[in-house]
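*Asks:* Please see the structure below; I have some questions.
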Amino acid sequence: DDWHERGAAVGLRQELDASGRPVLRSVKKGFRDFQFGRTLGEGSYSTVMAATDRETGKEFAIKVLDKRHIIKEKKVKYVNVEKDTLNRLTEHPGVVRLYYTFQDERSLYFVLDLASNGELLGVLKRLTTFDYECTRFYGAEILDTIDFMHTQGVIHRDLKPENVLLDEHMHVKITDFGTAKLLSPSKSNQHPDGISEAAELLDGSDKNKANSFVGTAEYVSPELLRDKTACKASDLWAFGCIIYQLFAGRPPFKAGNEYLTFQKILSLEYGFPTGFPEVAKDLVERLLVLEPSSRLSIEHIKNHQFFESVTWGRELWKQRPPKLQ
Ligand code: ADE
């Protein structure tokens, strides 16, 4: 187990500082190595706080999880899923990176990339809707990140504008992998789309799991509601909902309560507001398809006319994001 105790003097490593001088840095970090600052967000099991590494001055977001609460609510598995998933997904600019984990008697700590511009949802609410250029750019960064996650054998299962964060340069950082599904390495690349993986979260053997998952009713895929299974294509359903929301200012399926929202999803009951661009409409209609295997694949989405002019891959992350207006 690579959790380690607070402040443990585990070892020192020689590194070169900015001017090339050798410095000693502790290899493992603990609570005392960080200056904690403002609260960035609060969930039911965790609080995310801004923190600064006292040694380097680098800023992070630290997710603090209350151990007693997690054990009491039987969420230990989700905490481990989140950690294992994040450890599998380093090396991509679109995923919040996990740098260190440590614990003390009371809490577990995840030291993550700080996304200083907060949630995409917050930005959208301020602007009400995005224009074509911004929707295309943010859509492209989200899709490039989903593509990476899927090739690494990870299904996110809870994609929504709250889980898409923005860094200091306004590039995307996807977060919240507590409900992700890790495919075994052999399954990671075999089935490109549409092949179902059992979603233990909704298997009925654990009511709490189901409840916790249904927290985000608006983006839940029909297959999860119908068959309690999620697959890679379930993330693409959520992606279709996000593209719709950026243009329309609201998600496609929304009703007075969760039950009514689910009914709308299952009967594909949604419409486009006037002024919704035709090419975007075509893309969304090919993603919001009840049968997961009939949704556009990631390759087809990338080649859709909506994303014409986008250069995929690392280029996307080097460019200056379009000005939001
Ligand atoms: N809120 C939740 N996670 C965050 C992060 N990594 N950066 C900024 N705000 C956050």
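A short reminder: the numbers here are calculations on the coordinates, not readings from a lab. Owing to the predicted nature of the structure, the values given are computational and were not obtained by experimental measurement. With ideal geometry, Cβ positions are generated from the backbone for all residues, glycine too; neighbour counts draw on all protein chains shown.
*Asks:* For segment 68-143, what's the relative contact order in percent, using C-alpha pairs closer than 8 Å and at least 6 residues apart?
*Replies:* Relative CO of segment 68-143 lands at 18 percent.
*Asks:* Where does each of 156, 69, 169 land when they are ranked from fewest to most other beta-carbon atoms within 10 angstrom?
*Replies:* Details: 156 27, 69 14, 169 10.
Ranking 156, 69, 169 by Cβ neighbours within 10 Å, fewest first, gives 169, 69, 156.
*Asks:* Picking from 273, 22, 252, which is most flexible by a Gaussian network model of the chain using Cα springs under 10 Å?
*Replies:* Checking each option, the largest mean-square fluctuation is seen for 22.
*Asks:* On to the next question. What FRET efficiency comes out for the pair residue 69/residue 269, r = Cβ-Cβ distance, R0 = 30 Å, nearest 0.05?
*Replies:* 0.20
*Asks:* Can you compute 3J(HN,Hα) from phi for each residue in segment 78-89, using the Karplus curve 6.51 cos²θ - 1.76 cosθ + 1.60 with θ = phi - 60°, rounded to whole Hz and x for Gly and Pro?
*Replies:* 5, 5, 5, 4, 4, 5, 4, 5, 4, 5, 7, 10
*Asks:* Give the residue from 47, 115, 236 lying farthest towards the positive end of the charge dipole for the chain; charges sit on Cβ (+1 for Lys and Arg, -1 for Asp and Glu) and the dipole is referred to the Cα centre.
*Replies:* 47
*Asks:* While we're on this one: For the chain, what is the charge dipole size about the Cα centre, in debye to the nearest 20, if Lys and Arg each add +1 at the Cβ and Asp and Glu each add -1 at the Cβ? Don't skip to the end; give the middle numbers.
*Replies:* Numbers: 45 positive and 47 negative charges, 145 e Å.
In debye, rounded to 20, the chain gives about 700.
*Asks:* Which listed residue (305, 219, 266) has the Cα farthest towards the positive end of the charge dipole for the chain, taking +1 on Lys and Arg C-beta and -1 on Asp and Glu C-beta about the Cα centre?
*Replies:* 219
*Asks:* Go through 232/323; 77/281; 173/232; 125/228; 63/323 and tell me which ones have a Cα-Cα distance over 28 Å in this structure. The partial results should precede the final answer.
*Replies:* Details: 232/323 31 Å; 77/281 39 Å; 173/232 19 Å; 125/228 31 Å; 63/323 30 Å.
Over 28 Å apart, Cα to Cα: 232/323; 77/281; 125/228; 63/323.
*Asks:* Then there's this: What is the magnitude of the charge dipole of segment 82-140 about its Cα centre, with +1 placed on the Cβ of each Lys and Arg, -1 on the Cβ of each Asp and Glu, and no other charges, expressed in debye to the nearest 20?
*Replies:* The calculation lands at about 140 debye.
*Asks:* Please return the longest range in the chain lying between exposed loop sites, taking GluC sites (Glu not before Pro), DSSP loop only, at most 13 other beta-carbon atoms within 10 Å, and leaving the sites out.
*Replies:* Longest run free of exposed loop sites: 169-268.
*Asks:* What is the chain's relative contact order, in percent, from Cα pairs under 8 angstrom and six or more apart in sequence? Intermediate values should be presented prior to the final figure.
*Replies:* Numbers: 556 pairs, mean separation 47.0, N = 325.
This gives 14 percent for the chain.
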